[in-house]
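Participant: Structure in structure tokens, see below.
Taken together, the values in this text are just the output of simple stated rules run on the coordinates, not laboratory data. Bear in mind that the values here come from a model prediction, so they are computed numbers and not experimental data. FYI the Cβ positions are ideal-geometry reconstructions off the backbone, even for glycines, and counts take in every protein chain you see.
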Amino acid sequence: MNDEVRPRGQRARLWVSWLVVSVLLGYGVAQTAVTAAKLFTS
């Protein structure tokens, strides 16, 4: 896929979508790590 084919607004929306997904995924991983640490240390 060529970047010049997509309109500028669509590319910006794609970046925002990836950013939201990355933040949520990072939050889920952090919560899992905290929960696992609590399970294994108590």
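Participant: Normalised radius of gyration for the chain, please: alpha carbon Rg relative to 2.2 N^0.38 Å, two decimal places. Let's see the in-between values first.
Facilitator: Details: Rg = 17.4 Å, N = 42, 2.2 N^0.38 = 9.1 Å.
Working it through for the chain, the quotient is 1.92.
Participant: What distance in nm separates the two pseudo spin-label positions at V20 and A36, each 7 Å out from Cα along the beta-carbon direction?
Facilitator: Here the modelled spin labels are 2.8 nm apart.
Participant: Would you compute, from DSSP H runs of 4+ residues alone, the mean residue ellipticity of the chain at 222 nm, taking -39500 (n - 2.57) per run and dividing by the full residue count, rounded to the nearest 500?
Facilitator: Calculated mean residue ellipticity at 222 nm is -29500 deg cm²/dmol.
Participant: Using only Cα atoms, tell me the angle between helix 8-41 and the longest principal axis of the chain; keep it within 0 to 90° and round to the nearest 10.
Facilitator: The answer is roughly 10 degrees.
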